[in-house]
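Values quoted throughout were computed directly from the atomic coordinates according to the rules given, and no laboratory measurement underlies them. Here the structure is a predicted model, which means the values were calculated and not measured. Cβ placement follows ideal geometry from the backbone for every residue including glycine, while neighbour counts extend to all protein chains displayed.
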Amino acid sequence: MPKSTLTHQLLSSHLVSGKLVAGTEIGLRIDQTLTQDATGTLVMLELEAMGLGRAQTDVSVQYVDHNLLQEDNKNPDDHLFLEGAAQRFGLWFSRPGNGVSHPLHQERFGKPGATLLGSDSHTCAAGAIGMLAIGAGGLEVAMAIAGQPFYVRMPQVWNVQLEGQLPDWVSAKDIILEMLRRHDVKGAVGWVLEYSGGGLQNLSAMDRHVIANMGAELGATASVFPSDDEVQRFLARQGRASDWIEIKADAGATYDRHELIELDKLEPLIAKPSSPGNVVPVRDVAGQPIYQAYVGSSANPGYRDFAMVAEMIRDHRVADGVSLDINPTSRQILQNLARDGHILTLLRSGARLHQAGCNGCIGMGQAPATNRISLRTVPRNFPGRSGTREDNVYLVSPETATASAIAGKITDPRDTDAAYPSIRQPENPIIDTEQFSAPPTYPPAVAAELIKGPNIQSLPESQPLPSRLETMVMLTVGNDISTDEIMPAGARVLPFRSNVSRIAEFVYIDVDPSYVTRAQQHDGVHAIVGGTNYGQGSSREHAAIAPHFLGLRLVIAESYARIHLQNLVNFGVLPLTVENACKQFQEGDVLVIDHPGDQLDAGHEIKIENKTRQQQIIGQHQLSDRQSEILKAGGLIPWMRQRSSNQSPEPTAGNLLQ
């Protein structure tokens, strides 16, 4: 038999359609789903629109971790809606303040060998324990909850061999920053990163989480680690030893690409503004004064990450003029830190302690001062994501953040006088499951009520693809446009996530404040033209549905990020590729595509007539037949309505929380 990679084992055991041939579309059975409140409200509205009776997955969990600020009714109203929806559809519910979805899911629900689909791009973090975990748009996740396969183009498999041992003051964050230094933010588009090598024996399950989490910043479909003795120890400490199975690549497995990282040669790294791929050694930028050092988020969520800060700062205090923000990632971790004395140490040092959740990572509080340097252990530093429009965010390890907070300036932690702290994982950690609400047993006695506050609106209807698509180019943008730029996050915007007409007022507001007004005043539909890697970053489908609400029907770019391309299709927006697109089209150009549905059926070329310039340009699409049918129907929901005359199969019972 041929030698199989770990990735191929996970894929083949869940394959329901297609063949494992790179670049072709495959359908996968999804065992588990993850939704969070910034995207989950739309998922629950989509399930309501589908008429779902009960989740068809083994486990589905709705977390509340992004929108915790309750400055008015909007966020708490959504929390009530999500809690009722979890009861209605048979999902676990993680209450506000319980913590960040990704580390919580790894602790409580993640299973080696299972598939996980999440409406958050950092769902890939669960690959740390031998899962095939993929981020997707909310509508894709809704379909998986309803028992439908998840469709994705078969990725290639890239083996990253880790050898040696990390030096003192260098940690897991520096490993993934090294990958970004080598390959930038689109270097792994179309790939699964599969980690192996002797270096794994010194990386904990949460260290691996750090690396797998930020595979999203490389554009990877997923990152996977073997389920080995360390994963067994992790699950045993969580009281879940029975969920462990060993999964690893066959000896001699063949990969599409191979790369070696010698851990003992790594040094502390830092991603400069405003891209996770803008990585240099810390010493290259050392000495610059800082305003803030921020530790936490799903990208550095483990006990070790916070204990390291406490031990480093034990005999010090935060420098004058610096805010050291501690963002715990779960109540469970917070309790263990408190039991072991680390919280008292942090408070004595002058650190600021925040509630367990995503918080400042998504711009919900803890925003830095204008144009002042903020060092953060978060996964992204796209412009304005911090909540401050003119921000200056650098991505670092906890060690670099702490050394800099003590010194008041960017500091290589190797340049401190302290001995490197030895941090051990608690062998008998406090286990806290009290903030999880279980789904009702099936069938429920009474269907739970969906409590819709005044800000929760039903999804707008989509129209089928017309026989003649005539659009005006409303906006042109450059390379690496992120979904944070298309649809900003933060406290001013995210509270409207369940109200499409209201959140649409913020589309591209930090790129071109006139876009929304011009789109609203335009008598007809419009197009947007972009560069390479259009739609990178967050999986939020608001970045597709809100522009669609304003009349967007066509996007022309040089290339797309995977999740955003599928989100455009799901909401009836035609995504085409054209070389040097920004040079071939300008704002105000009127574009015509005759019989776009027929052209989609005929092949991968689409004829675009530029009436303004009297030119014909050939665009390309890389859509599968299924995606083309979805587009012609006007999006995934109307397509499903056309197909779903049969009753869904009887649901299966969800797993019990350990």
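Dipole of the chain, Cα-centred, from +1 at each Lys and Arg C-beta and -1 at each Asp and Glu C-beta, to the nearest 20 debye? Don't skip to the answer; put the middle values down first.
Values: 55 positive and 73 negative charges, 85 e Å.
It works out to roughly 400 debye.
Quick one: 3J(HN,Hα) in Hz for region 181-197, Karplus 6.51/-1.76/1.60 with θ = phi - 60°, rounded, Gly and Pro as x.
Using θ = phi - 60°, the values come out as 4, 6, 10, 6, 7, 10, x, 10, 4, x, 10, 9, 8, 10, 8, 8, x Hz.
Give me a comma-separated list of calculated 3J(HN,Hα) values for region 409-418, in order, Karplus coefficients 6.51, -1.76, 1.60 applied at θ = phi - 60°, integers in Hz, x for any Gly or Pro.
Working through the residues one at a time gives 8, 4, 9, 5, x, 5, 8, 7, 8, 6 Hz.
For GLU71 and LEU347, FRET efficiency with R0 = 30 Å and r from the beta-carbon atoms, rounded to 0.05? Walk me through the numbers on the way to the answer.
Working: r = 25 Å, r/R0 = 0.85.
Step by step, r from the Cβ atoms, then E = 0.75.
Taking amide hydrogens as modeled 1.01 Å from N in the peptide plane, which residues meet the under 5 Å criterion relative to GLU194, leaving out close sequence neighbours?
TRP158, ASN159, VAL160, VAL224
How do TYR294, TYR303, TYR255 line up, fewest other C-beta atoms within 10 Å first?
Details: TYR294 28, TYR303 24, TYR255 19.
Ranking TYR294, TYR303, TYR255 by Cβ neighbours within 10 Å, fewest first, gives TYR255, TYR303, TYR294.
May I ask for log10 I(q)/I(0) of region 6-265 at q = 0.17 Å⁻¹, from a Debye sum over the Cα atoms as equal point scatterers with solvent left out?
-1.31
Distance cut-off 23 Å, Cα to Cα: go down the list LYS3/LYS265; LYS186/LYS611; LYS3/LYS248 and report the pairs above it.
LYS3/LYS265; LYS186/LYS611, as the Cα separations exceed 23 Å there.
Could you check the spin-label model distance between ASP320 and VAL285? Points 7 Å from the Cα along Cα→Cβ, value in nm.
2.6
Skipping prolines and chain starts, which residues have an amide H placed within reach, meaning under 5 Å, of the one on TYR560, given they are 5 or more residues away or on another chain?
Counting only residues 5 or more places away or on other chains, the set is ASN533, TYR534.
Subtracting the Cα-Cα distance from 0.36 nm times the residue separation, let me have the gained length for GLU505 to LYS265 in nm, one decimal. Walk me through the numbers before you get to the answer.
Working: separation 240, 0.36 × 240 = 86.40 nm, distance 4.86 nm.
Extra length from GLU505 to LYS265 when fully extended: 81.5 nm.
If you put +1 on each Lys and Arg Cβ and -1 on each Asp and Glu Cβ, how big is the dipole of region 170-252 around its Cα centre, in Debye rounded to 20? Numbers along the way, then the final one.
Working: 9 positive and 12 negative charges, 41 e Å.
In debye, rounded to 20, region 170-252 gives about 200.
Summing -39500 (n - 2.57) over the DSSP H runs of n ≥ 4 in the chain and dividing by its residue number, what mean residue ellipticity at 222 nm do you reach, to the nearest 500 deg cm²/dmol?
On the way: 21 runs with 180 residues, N = 658.
Helices in the chain give a 222 nm mean residue ellipticity of -7500 deg cm²/dmol.
For labels at ASP168 and GLN520 in the simple 7 Å Cα→Cβ model, what's the distance in nm?
Result: 6.0 nm between the two label points.
Work out from phi, with θ = phi - 60° and the Karplus expression 6.51 cos²θ - 1.76 cosθ + 1.60, the ³J(HN,Hα) of each residue of region 104-109, listed in order in whole Hz, and give x for Gly and Pro.
3J(HN,Hα) across region 104-109, in whole Hz: 4, 5, 5, 6, 9, 10.
From the P(r) of region 269-415, can you give the percent of Cα pairs sitting at distances over 23 Å? The partial results should precede the final answer.
Working: 2737 of 10731 pairs.
For region 269-415, the fraction of Cα-Cα distances above 23 Å is 26 percent.
Give me ARG376, ARG240 sorted ascending by neighbouring Cβ count inside 10 Å, so fewest comes first.
Numbers: ARG376 30, ARG240 18.
If I rank by nearby Cβ atoms, fewest first, I get ARG240, ARG376.
So, R0 is 45 Å and r is the distance between the beta-carbons of HIS258 and LYS611; what FRET efficiency does that work out to, to 0.05?
On the way: r = 50 Å, r/R0 = 1.11.
Once rounded, the FRET efficiency stands at 0.35.
Along Cα→Cβ, 7 Å out, is where each label goes; now give me the distance between the ones at ASP594 and SER467 in nm to one decimal.
1.2
Between ALA22 and ALA418, take the C-beta separation as r, use R0 = 41 Å, and let me know the FRET efficiency to the nearest 0.05.
On the way: r = 48 Å, r/R0 = 1.18.
It comes to 0.30.
Identify, among THR39, ILE145, GLY84, the residue whose Cα sits farthest towards the positive end of the charge dipole of the chain, taking +1 on the Cβ of Lys and Arg and -1 on the Cβ of Asp and Glu, with the dipole about the Cα centre.
Positive-most Cα among the choices belongs to GLY84.
For a quick check: sort GLU485, GLU71, GLU505 by the number of other beta carbons within 10 angstrom, fewest at the front.
Details: GLU485 22, GLU71 8, GLU505 15.
Least to most surrounded, the residues fall as GLU71, GLU505, GLU485.
Considering amide H positions built from the backbone, and no H for Pro or chain starts, which residues 5 or more places from ASP120, or on another chain, come under 5 Å of its amide H?
Close amide H contacts, sequence-distant or interchain: ALA136.
Given Cβ point charges of +1 (Lys, Arg) and -1 (Asp, Glu) and nothing else, what value in debye, to the nearest 20, does the dipole of region 468-634 about its Cα centre take?
Working: 14 positive and 20 negative charges, 68 e Å.
The calculated dipole for region 468-634 is roughly 320 debye.
If you fit an axis through the alpha-carbon atoms of helix 37-50 and take the longest principal axis of the Cα set of the chain, what angle between them do you get, 0 to 90°, nearest 10?
Helix 37-50 and the main axis of the chain meet at about 40 degrees.
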